[in-house]
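Each remark here refers to the structure printed beneath this line.
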Amino acid sequence: MEPIKIMIVDDEPIIRKALKLELNAQPYTVACGMNDDGDIQRREVRVLDTFASGPQLMAALDSPAEHEMPDYLLVDMEFQGEPTGGILIADRVHKKYPTIRIVILSGRFDNPLPLGSRAQEATPEEELRRKERILDIARVVFESLRHGAQAFVSKNAAGGFSVENVLRAIECLERGERYYFNYPVMLTLKETAELYLAQSPDATPDIAVTDRERQLLLMEAAGCTASEIADALGGTEKSVQENQKDLARRLDIVNKSGSRIAKALQYGLINPRDIRFLKR
């Protein structure tokens, strides 16, 4: 069978050279399904080339007469100080060459470790920073998915970064799985889900709104102006604006329509099914 062809983009020369050297030093293979006799089929993995930047990669991909096209692209998340520079490269490759599967490599995906023996002594500020980092990592993962990435490999997985982690990602995609996340990334996503559920309406602070305020929020969500809300509910435009300002204060957010609506939906103060959009 034809080998699985890989290109690597990383601004650290040691990483890209080491990966290419090790992957090509011996015939690594991955399982890629079964044949008609029920035997597991395996394909060799081969690195075509490595690049230090996105422009170098795109120049190679745009010159098929000079370079073979890869099946997989291994791209580092951080480029020249840009924390999510790899997403931009993934986006360009996915839009122009959608058949290339993209594997993101990064040490940034590592879940912040538990506070260990100091867990009981953790300050609220420490715990808040940890939760913010978990959510930040998850946002990067979901943004990468949106731009075409299909697999995520932490450079600091259990046992250290090794080609086995990369091969496992490729093997999972080859056998038909849509996405692959190795353990540190999965742990982060698990904790992110738990944090999200902890902020769900079941954990809503004790904030109550009147029927008029609920109608005001529903009309605001539908795109109505303060003047239109006043005409429908009674009162003046200024009184509606004061009511909106008071709601923002009670919800502990900036006095902006989008923030107010999002918070009302998050806390279950309004039901999206009750929003009646106006035709203009």
GLY33, sole failed condition from (1) surrounded by 20 or more Cβ atoms within 10 Å (Cβ to Cβ); (2) in a strand (DSSP E or B): (1)
Hits in segment 181-205 - residues which are modelled with pLDDT of 70 or more and acidic (Asp, Glu): GLU191, GLU194
Criterion (at negative phi, touching a residue at least 40 places away in the same chain (Cβ under 8 Å) and in contact with a Lys or Arg (Cβ under 7 Å, 6 or more places away or on another chain)) met by exactly one of GLU68, GLU44: GLU68
Matching option when the condition is open to solvent by less than 40 Å² (accessible area, probe 1.4 Å) and under 20 Å from VAL163 (Cα atoms), among MET77, MET58: MET77
Count of residues meeting criterion [surrounded by 17 or more Cβ atoms within 10 Å (Cβ to Cβ) and closer than 12 Å to TYR97 by Cα] in segment 61-74: 5
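The values are calculated or read from the model by the stated rules, or taken from the named source; none is laboratory data. It should be emphasised that the depicted structure is a prediction, and the values quoted were computed from it without experimental measurement. In this analysis, Cβ positions are derived from the backbone assuming ideal geometry, glycine residues included, and neighbour counts consider all displayed protein chains. Each accessible area value is taken on the protein alone, full model and side chains, heavy atoms only, with ligands, DNA and RNA left out. Shrake-Rupley method; radii C 1.70, N 1.55, O 1.52, S 1.80 Å.
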